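Right, one structure below, let's go through it.
The values are calculated or read from the model by the stated rules, or taken from the named source; none is laboratory data. All figures in this text were calculated on a predicted structure; none of them were measured in a lab. FYI the Cβ positions are ideal-geometry reconstructions off the backbone, even for glycines, and counts take in every protein chain you see. Ligands, DNA and RNA are stripped out before the accessible areas are found, and what is left, the full protein with its side chains, is counted by its heavy atoms. Shrake-Rupley method; radii C 1.70, N 1.55, O 1.52, S 1.80 Å.
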Amino acid sequence: MRILKWLVGGVVVVALLLGGAFVWGMQRVSRARATRLEALETLLARATAVESLGPEDACLVAEGHYMKRATVLTAECRSVTLEATRPGVVKFRGLVVADAWDDAILGGGFVPTLCLSKGPRGWAVAGYSHQLLDCQFDAPTGPDPEKEALAQVEHLKRAWMDDAFAAVREALTRPESDKEVCEGLPTLSKWGVLVLDADLLAEDRSARLSRTTRIGDVLGFQCIPAMNEKGANLGPCASTQPITHVVAIDDIDELPLRVTGSSYSGGRYAAVVKLVDVREQEVLCQREVSYQLPEELLLVKRQDLHSEYSKQVRAALHQGVEKLTGGKLTAEF
């Protein structure tokens, strides 16, 4: 019993000591924060006004940006990396930011990768690198660098989409390719490739609406103004990187699938899958793809026949794209 009392007493003493140390740490961080904020006012005035940003000044600009937030307790630079991406724009990493007491006391926190830009009011944080295409924008000229940088990036993303659409429209007016496989293709990033029905870009899309299978509807609602007539708002038309190729599904022949009792009509899909080079605005290769829904599926999948048909059509298209590109593209659609 006496040993138990000693153990309990020891635990209580340790808890009190740890609690006291934590409170002392909070007080220390609060005092250091107040002192640093006072010193930053003068330091920032110099750092933001320099012509060319070095690591030390970049740290001050980023630190000042975060320390203005009441929720941030500490911000300290460690192992700084600084990369110029455009005139007056740099990508910065190395500031350790703590907004939780345990991180602030123990020296932990998160490390954001930021874009810093030089505007009329000097150097400032324009935003996070992952939101601004790794800082690929021109130095802002207005009073709000964050808003202007984001607007530039959104404009560039939209331009990439518009260029891809224009390439498809032009490529489909040219003679067809006689190649069923694109030889010598590099491995294509799925982020730089669009997949869509070619007739999504046509002026008259009425025939497309009656089909059972449509590829690219979400993309269309985001990027084609005429498809937003009913007020659909699915976000900005954007790409995360330049579009290099488009898989255009063209010459589509498909009647709508209709199920009546123990029979159905339609259930057949035929198209030509074409790979368009955006820069050259030409079809590099193309191949036919088709699928016929087997009649025996009706007996076991009557309720899910539309779903099964759609899944199998997409599987056939995926297989067609894989063969067309020689396995160099795994597209998501």
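Quick notes on this one:
- Within the set Val181, Val259, Val195, Val247, the sole residue that is among the hydrophobic types (A, V, I, L, M, F, W, C), touching a residue at least 24 places away in the same chain (Cβ under 8 Å), in a loop (DSSP other than H, G, I, E, B) and under 22 Å from Arg314 (Cα atoms) turns out to be Val181.
- Residues located in region 109-157, provided they are in contact with a Leu (Cβ under 9 Å, 6 or more places away or on another chain) and of a type in the set (A, V, I, L, M): Val111, Leu114, Leu116, Ala124, Val125, Ala126, Leu132, Leu133, Ala149, Leu150, Val153, Leu156
- Of all residues in region 20-31, those that are among the hydrophobic types (A, V, I, L, M, F, W, C) have Cβ atoms under 6 Å from Cβ atoms of residues that are outside any helix (DSSP H, G or I) and at pLDDT 80 or above, 6 or more apart or on another chain, in Val29/Leu73.
- A single member of Arg279, Arg287 is open to solvent by 40 Å² or more (accessible area, probe 1.4 Å) and in a strand (DSSP E or B), and it is Arg287.
- Output for region 106-125, where each listed residue is over 16 Å from Leu44 (Cα atoms) and either of a type in the set (Ser, Thr, Tyr) or open to solvent by 50 Å² or more (accessible area, probe 1.4 Å) (or both): Leu106, Phe110, Val111, Thr113
- Qualifying residue in region 126-133 (condition: open to solvent by 10 Å² or more (accessible area, probe 1.4 Å) and touching a Cys at 6+ places or on another chain (Cβ under 8 Å)): yes
- Of all residues in region 89-105 being without any contact (Cβ under 8 Å) to a residue 40 or more places away in the chain and not charged (D, E, K, R), the one that is surrounded by the fewest Cβ atoms within 10 Å (Cβ to Cβ): Ala100
- Answer residue from region 210-225, given it is within 29 Å of the chain's Cα centre (by Cα), open to solvent by 50 Å² or more (accessible area, probe 1.4 Å) and of a type outside the set (D, E, K, R) and is modelled with the lowest pLDDT among those: Pro225
- Residue list for region 307-333, filter: over 20 Å from Lys179 (Cβ atoms), open to solvent by 10 Å² or more (accessible area, probe 1.4 Å) and touching a residue at least 60 places away in the same chain (Cβ under 8 Å): Ser310, Arg314, Thr330, Glu332, Phe333
- Evaluation of Gln281 against (1) modelled with pLDDT of 90 or more; (2) touching a Gly at 6+ places or on another chain (Cβ under 8 Å); (3) over 22 Å from Gln319 (Cβ atoms) (one fails), failing number: (2)
- Annotation note: of Thr48, Thr71, Thr85, the sole residue that is open to solvent by 80 Å² or more (accessible area, probe 1.4 Å), modelled with pLDDT of 90 or more and β-branched (Val, Ile, Thr) is Thr71.
- Of the residues making up region 175-199, those that are surrounded by 13 or more Cβ atoms within 10 Å (Cβ to Cβ), closer than 17 Å to Pro242 by Cβ and β-branched (Val, Ile, Thr) are Val193, Val195.
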